[in-house]
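Novice: Before anything else, here's the structure in question.
The values are calculated or read from the model by the stated rules, or taken from the named source; none is laboratory data. The structure presented is a predicted model; accordingly, all values stated were derived computationally and were not measured. Using ideal geometry, Cβ is built from the backbone for each residue, glycine included, and neighbour counts are taken over all protein chains shown. The area values use the complete protein model at the heavy-atom level, side chains included, leaving out ligands, DNA and RNA. Shrake-Rupley method; radii C 1.70, N 1.55, O 1.52, S 1.80 Å.
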Amino acid sequence: MILGQTTRKNFTQNPKNDILSGLTVALALVPEAVAFAFIAEVPPIVGLYGAFMMGIVTALFGGRPGMISGATGAMAVVMVHLIKKGNDVGLALDTPIDNLGLQWLFITLLIVGGIQILAGLFKLGKFVRLIPHPVMMGFVNGLAIVIFMAQLGLFKELVNGELQYMSGTSLYTMLGLVALTMGIMYGLPKLTKKIPAALIAIIVVACITIFGDIDVSTVGSFIADRGGEEGIKGTLPTFQDQIFGLFGTLDGHLLSTILPTAFILAAVGLIESLMTLNLVDEITETRGNGNRECIAQGGANILNGLFGGMGGCAMIGQSIINVDSGGRGRLSGAVAAVALLCFVLFGAPLIEQIPIAALVGVMFMVVIGTFAWSSFRIIRKIPISDAIVLIAVSAITVWKDLAVAVIAGVIISALVFAWKNATMIRARKRMQPNGTKTYEIWGPLFFGSIQNFNAKFDVKNDPEKVEIDFIESRVTDHSALEAIFNLVNKYEAEGKSIKLKHLSEDCKILLRKANPKFDEVIVEDIDDPRYHLAENPEEFTKPLSEYNL
């Protein structure tokens with residue numbers, strides 16, 4: 001009941017803004033979806049179908065109202081290798097099959113969707129909260145640069161059968177219209193915010209070029225110049241029943257090509273979607289549901305595989321356009337998806353007249369709004385390790401792709417964290433009146449700090465009685481337990497008595513399981529800590545009396 005109320009609220013809280021922002025997003029989606037379809041080497045209509053199905057499913061069932069999903073470049077660059085491989089196999093068959101690579105893509109999307117749904121069911125979406133802030137800043141900076149560079153390709157036109165960058169009058173006209181679009185988007189909100197500035201900018205620039213009969217690059221000419229003679233006009237997506245008869249063409253390619261590509265696509269899609277969700281959360285000061293988004297993304301990709309779309313994930317550029325235009329509810333994403341389908345079914349001739357310059361101007365404003373300009377101000381104030389992570393993630397996003405950049409950033413941050421904590425282990429030493437030497441351990445004991453931990457002890461020269469107190473330390477993993485185990489063995493090998501104080505209950509349980517002799521070594525104390533180890537925490541939730549000690 002509560003879920004139903006929440007869903008209705010997300011649809012009805014601001015319908016005017018959601019509808020207008022959805023229309024704006026739909027206009028910006030057309031060239032993006034077409035461009036990514038060309039990158040993946042599939043027909044433009046497949047990219048548009050993919051954007052529609054991703055958009056409608058995630059808008060209605062996703063974990064982040066106001067976030068836009070569609071066909072993306074990050075996934076397109078992975079798809080192209082699969083499609084080329086499939087086409088080569090199709091042509092080499094005894095009975096050649098045209099466009100087998102595209103059919104393989106549909107099959108792969110079924111697996112991608114299944115993986116993403118499992119990720120949501122196992123609640124892996126929450127791990128996006130563990131991504132450090134420098135990685136997040138590097139992500140938005142790198143993505144802003146990627147969006148900017150992608151727009152440069154729209155400054156090309158067909159000359160003597162080849163795509164070349166514009167020059168002369170064409171270039172100046174394009175730049176002038178881009179500047180006009182950006183000017184309207186900058187100035188209009190100062191006068192009124194009741195209508196999305198991006199939508200007004202697109203309409204004004206389109207009217208100028210159409211009624212002024214100005215020869216400029218349009219959505220239609222953009223598609224035609226790149227070999228899409230059919231344009232964006234199409235019918236409703238149809239069920240791809242033929243893919244179920246093509247599993248025989250996979251043979252060994254299922255393990256060598258299909259499954260690896262499916263896992264990469266699923267990972268790339270989830271990382272980009274969850275990072276975008278996190279960014280929109282910060283902009284709107286609300287919180288989305290990462291696990292629900294994983295399930296919705298998976299369902300949308302399965303639908304794409306069944307009905308002939310190229311699949312995709314969340315789109316940061318369009319999501320920011322939507323949020324900046326006032327689209328905060330599910331209605332905005334649904335309107336964008338339905339409007340895109342209407343363009344395909346009924347409005348192709350009109351949409352194809354929209355000048356590319358207007359859409360480029362909108363995306364340039366997205367770049368300006370996306371880039372974390374504050375990073376220039378804080379770069380000298382934050383730790384050098386965080387600065388390196390920020391720069392590295394930005395560079396890798398541009399050089400490789402988003403997924404590789406985020407994974408690399410998290411790994412670098414984790415290694416820096418482990419290194420810093422590895423050096424924090426300390427041991428205060430004191431002699432008790434009865435001749436016992438006490439080591440008071442301070443700092444985390446884990447795989448990175450055990451070498452420094454071992455160096456604190458002088459086994460050969462210590463007295464006959466030694467006590468190790470862990471009250472100010474935290475034993476965090478199996479490597480730490482192994483280090484304690486080995487240390488006890490060293491003292492006992494020297495014929496010396498050793499006692500361990502203030503270990504947590506799970507530490508004591510695991511040590512006793514390893515060797516019953518630890519009953520004599522471990523000192524029970526009312527002040528013993530109650531934290532649990534990172535590994536198998538559920539194992540230590542039973543009462544102590546239930547363990548076989």
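Novice: For the stretch 417-432, which residues satisfy the criterion of being within 20 Å of Ser473 (Cα to Cα) and outside any strand (DSSP E or B)?
Specialist: Phe417, Ala418, Trp419, Lys420, Asn421, Ala422, Thr423, Met424, Ile425
Novice: Now, a different point. Could you please give the count of residues in the stretch 466-514 that are out of contact with any Leu (no Cβ under 9 Å at 6 or more places or on another chain), farther than 18 Å from Ala422 by Cβ and not aliphatic (A, V, I, L, M)?
Specialist: So the answer is 11.
Novice: Could you list, in sequence order, all residues of the stretch 472-519 that are more than 19 Å from Lys460 (Cβ to Cβ), out of contact with any strand residue (DSSP E or B) (no Cβ under 9 Å at 6 or more places or on another chain) and open to solvent by 60 Å² or more (accessible area, probe 1.4 Å)?
Specialist: Selection gives His478, Glu482, Lys513, Ala514, Pro516, Asp519.
Novice: Residue by residue through the stretch 200-222, note down the ones that are crowded, with 23+ Cβ neighbours inside 10 Å and more than 9 Å from Pro355 (Cα to Cα).
Specialist: Those that are crowded, with 23+ Cβ neighbours inside 10 Å and more than 9 Å from Pro355 (Cα to Cα): Ala201, Phe222.
Novice: Name the residue that is nearest to the chain's Cα centre (by Cα), counting only residues in the stretch 396-414 that are under 14 Å from Val78 (Cα atoms) and open to solvent by 50 Å² or more (accessible area, probe 1.4 Å).
Specialist: That would be Val404.
Novice: Here's something else I'd like to know. Mind checking which pairs have a first residue in the stretch 442-461 that is within 15 Å of Tyr491 (Cβ to Cβ) and a second that is in a loop (DSSP other than H, G, I, E, B), Cβ under 6 Å, 6 or more apart or different chains?
Specialist: From the stretch 442-461, the pairs are Phe453/Ile425; Val459/Glu494.
Novice: Please state which of the following conditions Val280 fails to meet, knowing it meets all the rest: (1) of a type in the set (Val, Ile, Thr); (2) at pLDDT below 90; (3) open to solvent by less than 30 Å² (accessible area, probe 1.4 Å).
Specialist: Here Val280 clears every test but (2).
Novice: Mind listing whichever residues of the stretch 388-418 are small (Gly, Ala, Ser) and within 18 Å of Ala144 (Cα to Cα)?
Specialist: If the condition is that a residue be small (Gly, Ala, Ser) and within 18 Å of Ala144 (Cα to Cα), then Ala392, Ser394, Ala395, Ala403, Ala405, Gly409 are the ones that fit.
Novice: Quick test for you: out of Leu82, Leu110, pick the one residue that is part of a helix (DSSP H, G or I) and either open to solvent by less than 10 Å² (accessible area, probe 1.4 Å) or modelled with pLDDT under 95 (or both).
Specialist: One residue alone meets the criteria, Leu82.
Novice: Pick from the stretch 355-395 the residues that are in a helix (DSSP H, G or I) and in contact with a Pro (Cβ under 8 Å, 6 or more places away or on another chain): which of them is surrounded by the fewest Cβ atoms within 10 Å (Cβ to Cβ)?
Specialist: Here the answer is Ala387.
Novice: Next question. Of the residues Val323, Val344, which single one is touching a Lys or Arg at 6+ places or on another chain (Cβ under 8 Å) and open to solvent by less than 10 Å² (accessible area, probe 1.4 Å)?
Specialist: Val344
Novice: Right, another one. Might you check whether a residue that is free of Cβ contacts under 8 Å to residues at least 12 places away in the same chain, out of contact with any strand residue (DSSP E or B) (no Cβ under 6 Å at 6 or more places or on another chain) and of a type outside the set (Gly, Ala, Ser) occurs anywhere in the stretch 333-348?
Specialist: The answer is yes; a qualifying residue exists.
Novice: Please work out which one of (1) β-branched (Val, Ile, Thr); (2) modelled with pLDDT of 85 or more; (3) open to solvent by less than 50 Å² (accessible area, probe 1.4 Å); (4) over 30 Å from Gly248 (Cβ atoms) is the condition Ile145 fails and give its number.
Specialist: Going through the list (1) β-branched (Val, Ile, Thr); (2) modelled with pLDDT of 85 or more; (3) open to solvent by less than 50 Å² (accessible area, probe 1.4 Å); (4) over 30 Å from Gly248 (Cβ atoms), Ile145 breaks only (3).
Novice: Restricting attention to the stretch 191-222, which residues are touching a Phe, Trp or Tyr at 6+ places or on another chain (Cβ under 9 Å) and either among the aliphatic types (A, V, I, L, M) or assigned to a helix (DSSP H, G or I) (or both)?
Specialist: Of everything in the stretch 191-222, just one residue is touching a Phe, Trp or Tyr at 6+ places or on another chain (Cβ under 9 Å) and either among the aliphatic types (A, V, I, L, M) or assigned to a helix (DSSP H, G or I) (or both), namely Ala197.
Novice: Scan the stretch 49-96 for residues that are closer than 29 Å to Phe343 by Cα and polar (S, T, N, Q) and jot them down.
Specialist: Thr58, Ser69, Thr72
Novice: Let me ask something else about it. Can you give me the number of residues within the stretch 322-354 that are modelled with pLDDT under 90 and assigned to a helix (DSSP H, G or I)?
Specialist: The number of residues fulfilling the criteria is 5.
Novice: Can you find, within the stretch 52-68, the residue that is nearest to the chain's Cα centre (by Cα) among those that are open to solvent by less than 20 Å² (accessible area, probe 1.4 Å) and either within 14 Å of Leu109 (Cβ to Cβ) or without any contact (Cβ under 8 Å) to a residue 24 or more places away in the chain (or both)?
Specialist: If we take residues in the stretch 52-68 being open to solvent by less than 20 Å² (accessible area, probe 1.4 Å) and either within 14 Å of Leu109 (Cβ to Cβ) or without any contact (Cβ under 8 Å) to a residue 24 or more places away in the chain (or both), then Met54 is nearest to the chain's Cα centre (by Cα).
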